[in-house]
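Participant: Have a look at the structure that comes next, please.
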Amino acid sequence: MKKKWGLLVSALALSTMLVTACGGGNAEQASNQNESTPASTTGTQVNIEASNWKFNQEVFEVNAGEEFTINFSSTEGYHGIGIQGLDVEIEKEGSKTLKVDEPGEYTIFCNILCGPDHGKMIAKLVVK
Ligand SMILES: [Cu+2]
């Protein structure tokens, strides 16, 4: 891996430090390995916001075989997302571009132990 990401890496490092302080830690920094350049915002934009203790939508839809970008942010509290079966791990905020060829329903969950209702932070990514 090259270390030329500058500010992006700094921001991620800071996030990771904060998460570590909160007892998280199952989220690896490998989340960016397949990411295209941050400037690439083509394709469907999936905006996911997390607050205490829910996501802004229960269902997010994308098309199979088409690139899409997940833009995640914590608007209240400190949260993250992982998506079952997909290579997505974002903490606090960030973006991830990916493509899913297999139609189906993928569970989106908070990957940071964020409080009493952490377990309720579940949403669905529907790939059509
Ligand atoms: Cu949580």
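The rows are residues; the columns are (1) open to solvent by less than 50 Å² (accessible area, probe 1.4 Å); (2) among the aromatic types (F, W, Y).
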{"site": "F72", "(1), (2)": "yes, yes"}
{"site": "H79", "(1), (2)": "yes, no"}
{"site": "I83", "(1), (2)": "yes, no"}
{"site": "V88", "(1), (2)": "yes, no"}
{"site": "K92", "(1), (2)": "no, no"}
{"site": "E102", "(1), (2)": "no, no"}
{"site": "C110", "(1), (2)": "yes, no"}
{"site": "C114", "(1), (2)": "yes, no"}
{"site": "G119", "(1), (2)": "no, no"}
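Participant: Can you say whether Y106 is crowded, with 16+ Cβ neighbours inside 10 Å, farther than 16 Å from Q45 by Cβ and without any contact (Cβ under 8 Å) to a residue 40 or more places away in the chain, as far as the supplied structure shows?
Facilitator: When the stated conditions are applied, Y106 passes them.
Participant: Here's a follow-up. Please identify the pairs in which a residue from segment 72-85 that is within 7 Å of S51 (Cα to Cα) has its Cβ atom under 6 Å from the Cβ atom of a residue that is part of a loop (DSSP other than H, G, I, E, B) and more than 10 Å from the ligand (Cβ to nearest atom), counting only partners at least 6 apart or on another chain.
Facilitator: S74/K92
Participant: Please enumerate the residues belonging to segment 51-71 that are over 16 Å from Y106 (Cα atoms) and of a type outside the set (D, E, K, R).
Facilitator: S51, N52, W53, N56, N71
Participant: When you check E76 against the structure, is it at pLDDT 95 or above, out of contact with any Gly (no Cβ under 8 Å at 6 or more places or on another chain), within 14 Å of the ligand (Cβ to nearest atom) and in a strand (DSSP E or B), yes or no?
Facilitator: no
Participant: Would you check which residues across segment 84-120 are within 14 Å of the ligand (Cβ to nearest atom), aliphatic (A, V, I, L, M) and assigned to a strand (DSSP E or B) and list them?
Facilitator: Hits for segment 84-120 are I90, I108.
Participant: Moving to a separate point now. L12 is checked against (1) modelled with pLDDT under 95; (2) within 16 Å of the ligand (Cβ to nearest atom); (3) hydrophobic (A, V, I, L, M, F, W, C) and fails just one. What number does that condition carry?
Facilitator: Unmet for L12, out of (1) modelled with pLDDT under 95; (2) within 16 Å of the ligand (Cβ to nearest atom); (3) hydrophobic (A, V, I, L, M, F, W, C): (2).
The values are calculated or read from the model by the stated rules, or taken from the named source; none is laboratory data. None of the values given here were measured: they were computed from a predicted structure. Because the Cβ atoms are built from the backbone with ideal geometry, glycine has one as well, and the counts that use them run over all protein chains shown. All accessible areas refer to the heavy atoms of the entire protein, side chains included, with ligands and DNA or RNA removed. Shrake-Rupley method; radii C 1.70, N 1.55, O 1.52, S 1.80 Å.
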